[in-house]
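First comes the structure, then the notes that go with it.
Bear in mind that the values in this text are calculations on the coordinates, not laboratory data. Here the structure is a predicted model, which means the values were calculated and not measured. Cβ coordinates were reconstructed from backbone atoms using ideal geometry, including for glycine residues, and neighbour counts include every protein chain displayed.
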Amino acid sequence: MNLPNGFVRLGYRFLNVPIAMTESRPKSFLGPGKVVLLLLLGLLVYGITLIVLVPAGWLWQQASAQVQLPEQVRVQQVSGRLWDGAAGVVVAGFPARLEWQFGWPSLSGVTLPLQFSVSSSQSRVEGVARAGWQGNFEVSANGLIAVAEFEQLIRQSGGAMIEGTVSVDRFEMSWADGRLKSADGLGRWDGGRVTWPMGNQVGQAVFPPMQADLDTVDGGVSLVVAELGASGPAADARILWDGMMELRVYKRMVDLAQQPWPDSARPGDVVFRVRQPLLPGGL
């Protein structure tokens, strides 16, 4: 087949045009940036796994020598994991079980929550503690306390013994910069028989429902006890951070106990005052 001369010349030119070919160099999948990123990710996963799975008992064995606990507190039978565990504790001779479970950190509030419960054979208190990255700390709790469990300690301190249980409706405390920032709480008792030492005898009376309010004072916290719905305290106590307790009893308490007292005394007069360590032997 004969092609036109013009078409032949055009094809010749096309075949003689040099075509530039570029060959791309293969890139490495693991560059320096990716290697560093993978190493950091591996360390993060390892750290989270260690925190979640490390045995709490082993960790306590390693740290117990450096932790200074009050003389009245002993820790034993630690089980579970650091993230979710339990331990048997003895406080002033009273055995109890402590359980805890860490929650996920809050990025908005920059806090680490910890759910906990302290229980004995008849009493139980549970709540949440939150620790901030700047050293701030707060705790809130509620529960039910059977007073009969602490009869020995109450008798040793010369206090009055009540029957039944005390309901802790609210208990809140917060610390900032290493100092107590606030304390607030409310407890209720449904009333009943109360006994107290009177020399070689024992006094007793039936009391109406009572309530106790917790608040902050200089050097510690205060606990004000009053008849439910009445105005004015029947007794108050100041618990100081040095382990001392200051107790005051008012004429209102004498009236509730149905004990004789001079008529010249007013309901708000202090009739008894004492200062002593909160626990035998101090803290």
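Normalising the average separation of contacting C-alpha pairs (under 8 angstrom, six or more residues apart) by the number of residues puts the relative contact order of segment 103-256 at 12 percent. Rounded to the nearest 20, the size of the Cβ-charge dipole of segment 188-249 about its Cα centre is 280 debye, with Lys and Arg at +1 and Asp and Glu at -1. Per-residue 3J(HN,Hα) values for segment 80-88, derived from phi via the Karplus relation 6.51 cos²θ - 1.76 cosθ + 1.60 with θ = phi - 60°, read x, 10, 4, 6, 7, x, 8, 7, x Hz in sequence order (x marks Gly and Pro). Multiplying the residue separation of Gln62 and Met244 by 0.36 nm and subtracting their alpha-carbon distance yields 62.3 nm. For segment 238-244, backbone phi angles converted through the Karplus equation (6.51, -1.76, 1.60; θ = phi - 60°) give residue-by-residue couplings of 10, 9, 9, 5, 7, x, 8 Hz, Gly and Pro being listed as x.
Cα centroid distance between segment 121-142 and segment 143-166, in Å? Going from one Cα centre to the other spans 23 Å. The modelled label-to-label distance between Gln258 and Ser231, using points 7 Å beyond Cα along the C-beta direction, is 2.7 nm. Considered as an equivalent ellipsoid built on the Cα gyration tensor, segment 142-283 has semi-axes of 25, 17, 17 Å, the largest given first. Seen from Asn142, the other residues with C-beta closer than 12 Å to its C-beta sum to a net charge of 0, counting Lys and Arg as +1 and Asp and Glu as -1.
Using every pair of separate Cα atoms, the Kirkwood estimate puts the hydrodynamic radius of segment 75-181 at 15.7 angstrom. At an R0 of 35 angstrom, the distance between the Cβ atoms of Trp104 and Asp215 translates into a FRET efficiency of 0.60.
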